[in-house]
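Scroll down for the structure; my scribbles are underneath it.
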Amino acid sequence: MNITRRRVDPDGRDPELLLLGASAGCAVYGAAWVAARLPMPQCAFHAITGYPCPTCGATRCVLALFHGHIGEAFGWNPLVFTGLVALAILNVYAAAVVTAGLPRLRIALGPLDWRILRAGFLIVMAANWAYEMHRLA
């Protein structure tokens with residue numbers, strides 16, 4: 001793994017600005033959905049199979065988190081909760097480097113790093129799915 005700091009890419013791409021825009025767009029879309037009192041989406045996987053998917057409870061997790069119920073949000077889906085916390089940290093970083101024009105962190109992963117990352121992701125997904133199966137049993 002190699003971590004470097006550099007200015008915005010010479011070709012003009014700015015992943016941090018893209019991240020901020022996508023996050024803001026999703027937040028506005030979700031807030032508008034809730035404000036309009038539209039029906040909450042149902043899990044198609046759960047409806048068809050009767051088993052929860054690894055992200056079942058994500059909507060309730062997001063709603064609990066935005067209401068400040070941290071423990072409840074984590075209980076609905078630990079994986080989604082952790083992802084949202086990581087996204088919030090990334091958004092703070094992105095806002096800081098975009099507004100201040102600071103050098104950006106870039107991480108280059110080698111083949112072994114990618115294998116470890118993929119294996120870890122699969123283990124975490126399986127553990128979260130097992131949690132969801134236990135929670136809904």
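Read-outs throughout are calculated quantities, based only on the coordinates presented, and are distinct from any laboratory measurement. Everything numeric here is computed off the predicted structure, so don't read it as measured data. Quick reminder, even Gly has a Cβ in these numbers, built from the backbone with ideal geometry, and neighbours come from all protein chains shown.
Structural remarks
- Computed [θ] at 222 nm, deg cm²/dmol, the chain (DSSP H ≥ 4; -39,500 (n - 2.57); rounded to nearest 500): -22000 deg cm²/dmol
- Calculated FRET efficiency for the pair Val8/Leu112, C-beta based, R₀ 30 Å, to 0.05: 0.55
- Using a Förster distance of 41 Å, the FRET efficiency for Ala100-Cys53 (Cβ separation, nearest 0.05): 0.55
- DSSP loop trypsin sites (Lys or Arg not before Pro) with at most 13 other Cβ within 10 Å excluded, longest remaining stretch of the chain: 38-137
- Gaussian network model of the chain, springs between alpha carbon atoms under 10 Å - residue of Leu79, Leu117, Leu87 with greatest fluctuation: Leu117
- Positive minus negative residues near Leu102 (Lys, Arg vs Asp, Glu; Cβ under 10 Å): +2
- Here the ratio of the Cα radius of gyration of the chain to 2.2 N^0.38 Å is 1.26.
- Check: segment 2-135 dipole with +1 on Lys, Arg Cβ and -1 on Asp, Glu Cβ, in debye: 180
- Our estimate of slack between Phe45 and Met1, defined as 0.36 nm per intervening residue step minus the Cα-Cα distance, is 12.2 nm.
- Extension gain (nm, one decimal) between Ser23 and His134, 0.36 nm per residue minus Cα-Cα: 36.9 nm
- Segment 114-137 versus segment 60-103: alpha-carbon centroid distance in Å: 20
- With Cα atoms, 0 to 90° folded angle of helix 111-135 axis to the chain main axis: 20
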